[in-house]
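Each remark here refers to the structure printed beneath this line.
Every read-out reported here was derived from the displayed coordinates using simple, explicitly stated rules and does not represent laboratory data. Note that the structure is a prediction, hence the values are computed from the model and not measured. Neighbour counts run over all protein chains shown; Cβ positions are idealised from the backbone, glycine included.
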Amino acid sequence: MASLREIKNRIVATKKTSQITRAMNMVSAAKLKRVERKHVAFTPIKSHIRRLLEDVLSSNPELSNPLLEKREVKKVGYILVTSDRGLAGPYNSNVIRYFDALVKEKYQSKEEYIVGTIGYKGYSYCKRKKLPLLNTESINSRDDVKFIDFQAMSRAFIELYLNNGVDKIVMIYAHYINSISQEIKEEILLPITDLVSDKTDLISDYIFEPSTEEVIDQLLPIFLENTLYGIILDAKTSEHAARMTAMKSATDNALEIIQKQNLVYNRARQAQITLELNDIIGGANAVK
């Protein structure tokens with residue numbers, strides 16, 4: 001059995017750990033509220049750009065663009081969205097496990113796909129597995145999400161798609177449902193196939209200058225970049241929610257361990273006192 005000093009040290013160390021996890025839980029809760037507000041505020045902007053693009057396409061259903069056209073899929077580009085740090089429960093492992101199962105099921109060789117990563121955890125996994133990577137260094141997934149952080153990679157993927165380097169681009173990320181539930185989603189970024197181009201409720205006709213084609217050419221990259229930004233905000237919300245839940249569980253577990261160790265300590269102390277009393281009584285009887 002451990003000595004009283006060892007048990008006491010264990011209790012003190014666990015209390016310090018619980019203080020750290022409680023603080024991390026509070027920090028994650030504050031960050032979750034902030035990024036959730038940002039995500040909710042951005043949703044109408046993304047919806048407005050989508051409606052505008054659909055209106056333009058509806059004005060001329062015969063319009064075509066390489067970003068809108070389906071083609072035979074020979075190579076797929078994946079964008080993995082993970083975090084830079086751990087201590088977020090199963091957040092990163094769920095994304096990586098989903099991607100790993102997808103690759104094993106669909107592909108026979110690494111020549112059939114290429115991966116771009118956002119977040120150090122995903123980049124580290126791909127480097128360790130020696131998977132084909134688009135980015136040569138980790139792209140940070142900082143708490144204060146900035147579009148410029150991943151703009152270069154999004155444009156590189158679009159250029160790769162336009163040059164027939166890939167035939168489809170898919171994002172894999174953790175979708176935020178609520179603070180205790182996140183769902184791994186697979187969303188097709190390119191080609192853009194979910195736009196409604198045959199709307200009949202147009203209020204008035206548009207007059208385009210210089211041309212409809214050039215308007216579409218300008219709007220589509222904006223739409224893609226905003227879609228990507230919205231997904232990053234969604235994933236970041238899930239990350240903070242997962243970390244908050246994980247730290248809450250860690251704090252509860254630490255408090256449970258402290259209670260059990262206190263019982264062990266009290267029993268050991270009681271046993272030690274009983275032995276001391278027995279020694280005293282035995283010594284007194286021996287003197288008599």
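Quick look at the values:
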{"item": "Degrees, to the nearest 10: 91-106 long Cα axis against longest axis of the chain", "result": "50"}
{"item": "Likely footprinting exposure, 26, 247, fewest C-beta neighbours within 10 Å first", "result": "26, 247"}
{"item": "Neighbour count of at most 16 Cβ within 10 Å plus DSSP loop: longest chymotrypsin sites (Phe, Trp or Tyr not before Pro)-free window in the chain", "result": "1-106"}
{"item": "Cut-off under 5 Å, modelled amide H: who pairs with residue 83 long-range", "result": "121, 122"}
{"item": "Per-selection Kirkwood Rh - the stretch 135-288 (Cα, Å, 1 d.p.)", "result": "21.8"}
{"item": "The chain - percent relative contact order, Cα under 8 Å, separation 6 or more", "result": "33"}
{"item": "All-pairs alpha carbon distance profile, the chain, 5 Å steps from 0, percent", "result": "1, 5, 10, 12, 12, 11, 10, 8, 6, 5, 4, 3, 3, 2, 2, 2, 1, 1, 1, 1, 0, 0, 0, 0"}
{"item": "Helix-only CD estimate at 222 nm, as mean residue ellipticity for the chain, using -39500 (n - 2.57) per DSSP H run (n ≥ 4)", "result": "-22000 deg cm²/dmol"}
{"item": "In sequence order, calculated HN-Hα J values of the stretch 62-67 (Karplus, 6.51, -1.76, 1.60; Hz; x Gly/Pro)", "result": "7, 4, 9, 7, x, 6"}
{"item": "Under DSSP loop assignment and at most 13 Cβ neighbours within 10 Å, longest GluC sites (Glu not before Pro)-free interval of the chain", "result": "138-288"}
{"item": "Cα-based equivalent ellipsoid of the stretch 1-78: semi-axis lengths in Å, sorted from largest, via gyration tensor", "result": "58, 21, 5"}
{"item": "Per-pair calculated FRET efficiency, R0 = 30 Å: residue 214 and residue 163 via Cβ, rounded to 0.05", "result": "0.90"}
{"item": "Of 145, 115, 264, the one that fluctuates the most in a GNM where the chain has Cα springs shorter than 10 Å", "result": "264"}
{"item": "Square roots of 5 times each gyration tensor eigenvalue, C-alpha, the stretch 18-122, largest first, Å", "result": "35, 26, 8"}
{"item": "For residue 190, distant residues with modelled amide H under 5 Å away", "result": "169"}
{"item": "Extension gain from residue 156 to residue 106, taking 0.36 nm per residue of separation minus the Cα-Cα distance", "result": "15.6 nm"}
{"item": "Linear extension gain, residue 42 paired with residue 277, 0.36 nm per residue minus alpha-carbon span", "result": "77.4 nm"}
{"item": "Charge dipole (debye, nearest 20) of the chain; +1 at Cβ of Lys and Arg, -1 at Cβ of Asp and Glu", "result": "2500"}
